[in-house]
Amino acid sequence: MSGTEKSKAHAEQAKGKVKKTVGRAVGNERMTAEGQAEQTKGNARQAKEDIKDTFRH
């Protein structure tokens with residue numbers, strides 16, 4: 001996984017997790033859903049890069 005894509009994936013995952021947690025804490029369902037979506041997007045980006053790495057070697 002390239003360093004840039006890896007850091008983007010981790011940043012999206014962390015941002016999403018924080019947003020989801022804050023949304024739950026304040027009872028904001030929209031923020032919770034947005035956080036979950038960002039976290040899922042980060043997971044998908046990381047999975048894509050892992051697959052690319054598998055085929056490179």
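Maximal additional length on extending the residue 26-residue 7 stretch stands at 4.0 nm, based on 0.36 nm per residue less the C-alpha distance. Excluding residues fewer than 8 places away in the same chain, name every one of the lysines whose C-alpha is closer than 25 Å to that of residue 20. Reachable lysines: 6, 8, 41, 48. Rounded to two decimals, the Cα-based Rg/Rh of the chain, with Kirkwood Rh, is 1.15. Calculated accessible area for the chain comes out at 72 Å² per residue, all protein chains present (probe 1.4 Å; ligands, DNA, RNA ignored). Here the accessible area is traced with a 1.4 Å probe on the protein chains. For the chain, carbon and sulfur cover 57 percent of it.
The values are calculated or read from the model by the stated rules, or taken from the named source; none is laboratory data. Predicted, not measured: the structure shown is a model, and the values here were computed from it. Accessible surface is based on the protein model in full, side chains and every heavy atom, while ligands, DNA and RNA are left aside. Shrake-Rupley method; radii C 1.70, N 1.55, O 1.52, S 1.80 Å.
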